[in-house]
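J.: One structure, pasted below without further comment.
Values in this text are rule-based calculations from the coordinates and carry no lab data. Just so you know, these numbers come straight off a predicted model, no measurement behind them. Cβ placement follows ideal geometry from the backbone for every residue including glycine, while neighbour counts extend to all protein chains displayed.
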């Protein structure tokens with residue numbers, strides 16, 4: 001297998017397992033319909049690298065029209081198995097991220113074993129809490145007699161993990177609250193989100209980058225080369241976008257929906273003006289999820305004397321000590337509920 005095709009398959013796997021709607025379309029691609037009949041490899045690579053946007057509904061219609069009955073049956077079998085794995089993992093109490101791991105193993109390594117009646121149970125039995133990739137792959141190899149390598153599996157999963165928002169760590173996904181805002185910021189820092197002016201947590205693809213270059217030629221256009229090299233394909237935000245992304249995030253769909261939840265698009269300085277509870281930094285209460293502010297910049301206090309903020313194009317999302325970051329004011333964000341008991 002050539003390096004180009006291997007890279008394409010990796011991108012396909014990431015796209016499939018992070019977008020349930022796209023999954024059905026891409027499985028059709030795996031069956032060869034689009035590759036053989038309709039689209040050159042360059043176009044396939046562009047889709048999965050985020051270089052172009054696609055109408056998944058229309059693409060699915062086209063794929064299904066070109067499939068034979070036998071191919072449709074194969075596609076349905078794969079889709080059914082993906083759903084069976086999801087149901088079983090959920091029933092066992094595993095997170096959505098762990099479910100994706102099981103689906104990755106099925107699609108890329110264990111497809112030929114899936115005809116066994118006990119396949120799903122055997123696969124789910126390989127999973128345990130607080131498990132490393134190495135431990136998981138060892139369990140899979142023992143259960144199925146395979147010789148999978150941890151390195152290859154980790155490369156695929158790391159691409160998925162870097163973009164995933166783990167809502168299982170939220171205390172109340174139904175509300176927009178300070179504890180989950182702090183957790184949101186911690187995940188952005190841990191997963192090394194980048195900085196692009198005018199963005200708010202979405203995965204930066206070619207379409208978004210082109211739009212932002214047009215909107216902000218100085219802040220984005222002059223940094224295009226650096227952004228392409230470091231941030232394209234990952235999640236990005238600017239300072240206020242890190243907060244707005246959480247406010248607009250739909251925990252059920254996993255999507256950031258612009259101006260949703262009654263939260264308007266505003267900048268960091270107007271945010272301070274809007275706040276009714278605020279003060280100078282020396283009066284700040286020790287409450288995770290409080291915003292910290294300086295002229296033209298805003299961040300999130302996450303507890304233990306630390307703040308997280310989208311700093312600039314070169315640094316991305318960083319963590320800095322509260323006392324050493326130049327913050328001058330604090331504020332309670334108007335659309336965030338501040339929980340009294342966060343234990």
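J.: List the relative contact order of region 245-343 as a percent without decimals, with contacts defined as Cα pairs under 8 Å and 6+ residues apart.
T.: It comes to 26 percent, rounded to a whole number.
J.: Can you check how the C-alpha radius of gyration of region 92-161 compares to 2.2 N^0.38 Å, as a plain ratio?
T.: Dividing the Cα radius of gyration by 2.2 N^0.38 Å gives 1.01.
J.: Still on this model: For region 167-331, what is the convex hull volume of the alpha-carbon atoms per residue, in Å³?
T.: Taking only Cα atoms, region 167-331 has a hull volume of 114 Å³ per residue.
J.: Which order do 336, 298 fall in if you start with the one that has the fewest other Cβ atoms within 10 Å?
T.: Final ranking by Cβ density, sparse to dense: 336, 298.
J.: Run the simple label-point estimate for residue 225 and residue 70 please: 7 Å along Cα→C-beta, distance reported in nm.
T.: Distance between label points: 5.4 nm.
J.: Let me ask something else. Which shape class, rounded, prolate or oblate, goes with region 82-210 when its Cα gyration tensor gives a ≥ b ≥ c as root eigenvalues, a/c under 1.5 marks rounded, and past that a/b bigger than b/c marks prolate?
T.: It comes out prolate by the Cα gyration axes.
J.: Quote to one decimal, in nm, the extra length available between residue 205 and residue 87 on full extension: 0.36 nm per residue of separation minus the C-alpha distance between them.
T.: Computed gain between residue 205 and residue 87 is 39.4 nm.
J.: Evaluate the distance, in nm, between pseudo-label points positioned 7 Å from the Cα of residue 286 and of residue 324 along their respective Cα→Cβ axes.
T.: 1.9 nm
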